[in-house]
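Chemist: After the structure tokens below, expect a handful of questions from me.
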Amino acid sequence: MPLYLVRHGETDWNREKRFQSYTEVPLNATGLAQARAVRDELRRRGVTFSAARCSPLSRAVVTARIILEGAATPLVIEPSLIELSLGEFEGVLEADLRQRLGEAYTTWRAMEYTVAPPGGESVIAGAARVRDALLALREAAVQGSVLIVAHQAVNMALKVALCGRTDVASAASFRQNNNEVDVWDMERGERIEMFQISAAALLPEGG
């Protein structure tokens, strides 16, 4: 029952290290190249999907559509896969928060989203809201691999829901870059593999 968990490609806010949750920020050129590189690597590996789900935010939808180009698998937008709310931190540069909040920000950041930001969600709360979607996907996974394309923190919450581990060290290990694919066994709740797309794979399409 392999589940391929993909984080959307890079956006300008990712590059700036600006917190983004519900804000609609499009993929930049690097993000589009990352999505194509993930698609090509999955094709090279012969991976096909029996089901595919993505967050309703456009950066995840576009990434998922690129990955599924030419495939017969229908893409289903799943509202519960929207990024965790970042509350008062939404749209703010990490550098500005570090300067403004000092040690309080450093302490919160070290908790790896196991503690919610002010007015936001933790990965533990996020795990509760994605659990039903995961259970539904487990049935589809019996027929083959499944794909989820979402976001950094909600992907961390999905991993919490899969394995039940909520400690800080585990949460830190659940982080995922924009060019990484995390593969999990849904039945056992264990990671099978994480692979990263190389810089060479990010050349513009056609050259």
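The values are calculated or read from the model by the stated rules, or taken from the named source; none is laboratory data. These numbers were taken from a predicted model, which means no experiment stands behind them. Positions of Cβ are generated from backbone atoms using ideal geometry, with glycine treated the same way; all protein chains shown enter the neighbour counts.
Chemist: For residues in segment 91-125 being over 22 Å from the mean Cα position of the chain (by Cα) and of a type in the set (Lys, Arg), which is nearest to VAL25 (Cα to Cα)?
Modeler: For segment 91-125, the residue satisfying everything is ARG98.
Residue-wise test of (1) modelled with pLDDT under 95; (2) surrounded by fewer than 19 Cβ atoms within 10 Å (Cβ to Cβ); (3) β-branched (Val, Ile, Thr); (4) over 13 Å from LEU81 (Cα atoms).
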position: GLY126; (1), (2), (3), (4): no, no, no, no
position: LEU134; (1), (2), (3), (4): yes, no, no, no
position: ALA169; (1), (2), (3), (4): no, yes, no, yes
position: ALA200; (1), (2), (3), (4): yes, yes, no, yes
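Chemist: Turning to a different aspect of this structure: Going through segment 171-194 one residue at a time, which ones are over 15 Å from the mean Cα position of the chain (by Cα), surrounded by fewer than 16 Cβ atoms within 10 Å (Cβ to Cβ) and hydrophobic (A, V, I, L, M, F, W, C)?
Modeler: Of everything in segment 171-194, just one residue is over 15 Å from the mean Cα position of the chain (by Cα), surrounded by fewer than 16 Cβ atoms within 10 Å (Cβ to Cβ) and hydrophobic (A, V, I, L, M, F, W, C), namely ILE192.
Chemist: Please state which one of GLU41, GLU83, GLU94, GLU103 is surrounded by fewer than 15 Cβ atoms within 10 Å (Cβ to Cβ) and in contact with a strand residue (DSSP E or B) (Cβ under 9 Å, 6 or more places away or on another chain).
Modeler: Testing whether each residue is surrounded by fewer than 15 Cβ atoms within 10 Å (Cβ to Cβ) and in contact with a strand residue (DSSP E or B) (Cβ under 9 Å, 6 or more places away or on another chain) leaves just GLU94.
Chemist: Only one of these is touching a His at 6+ places or on another chain (Cβ under 7 Å), within 21 Å of ASN177 (Cβ to Cβ) and not acidic (Asp, Glu): ARG65, ARG7, ARG39, ARG18. Name it.
Modeler: On the way: ARG65 fails: touching a His at 6+ places or on another chain (Cβ under 7 Å); ARG39 fails: touching a His at 6+ places or on another chain (Cβ under 7 Å); ARG18 fails: touching a His at 6+ places or on another chain (Cβ under 7 Å).
Being touching a His at 6+ places or on another chain (Cβ under 7 Å), within 21 Å of ASN177 (Cβ to Cβ) and not acidic (Asp, Glu) holds for just one of ARG65, ARG7, ARG39, ARG18, which is ARG7.
Chemist: So for segment 5-13 (the condition being over 26 Å from ARG188 (Cβ atoms), small (Gly, Ala, Ser) and in contact (Cβ under 8 Å) with a residue 60 or more places away in the chain), does at least one residue qualify? Before the answer, list the steps.
Modeler: Of segment 5-13, the ones over 26 Å from ARG188 (Cβ atoms) are 8-13.
Now restrict to residues that are small (Gly, Ala, Ser): 9.
From what is left, the residues that are in contact (Cβ under 8 Å) with a residue 60 or more places away in the chain are 9.
Yes, segment 5-13 contains at least one residue that is over 26 Å from ARG188 (Cβ atoms), small (Gly, Ala, Ser) and in contact (Cβ under 8 Å) with a residue 60 or more places away in the chain.
Chemist: Looking at ILE66, ILE77, which is the one that is at pLDDT 95 or above and farther than 23 Å from GLU193 by Cα?
Modeler: ILE77
Chemist: In segment 108-125, is there at least one residue being more than 20 Å from LEU158 (Cα to Cα) and basic (Lys, Arg)?
Modeler: no
Chemist: Now a separate question. Scanning segment 67-80 for residues that are among the β-branched types (Val, Ile, Thr) and more than 24 Å from ALA127 (Cα to Cα), which turns out surrounded by the fewest Cβ atoms within 10 Å (Cβ to Cβ)?
Modeler: Among those residues, the one meeting the criterion is THR73.
Chemist: Could you please tell me which pairs satisfy a Cβ distance under 9 Å, a separation of 6+ or placement on different chains, a first residue in segment 89-103 that is under 21 Å from TYR22 (Cβ atoms), and a second residue that is loosely packed, with under 14 Cβ neighbours inside 10 Å and among the aromatic types (Phe, Trp, Tyr)?
Modeler: Qualifying pairs under 9 Å: GLU90/TYR22.
Chemist: Residues in segment 61-77 that are over 18 Å from GLU10 (Cα atoms) and in contact with a Cys (Cβ under 7 Å, 6 or more places away or on another chain): how many?
Modeler: Counting residues in segment 61-77 that are over 18 Å from GLU10 (Cα atoms) and in contact with a Cys (Cβ under 7 Å, 6 or more places away or on another chain) gives 2.
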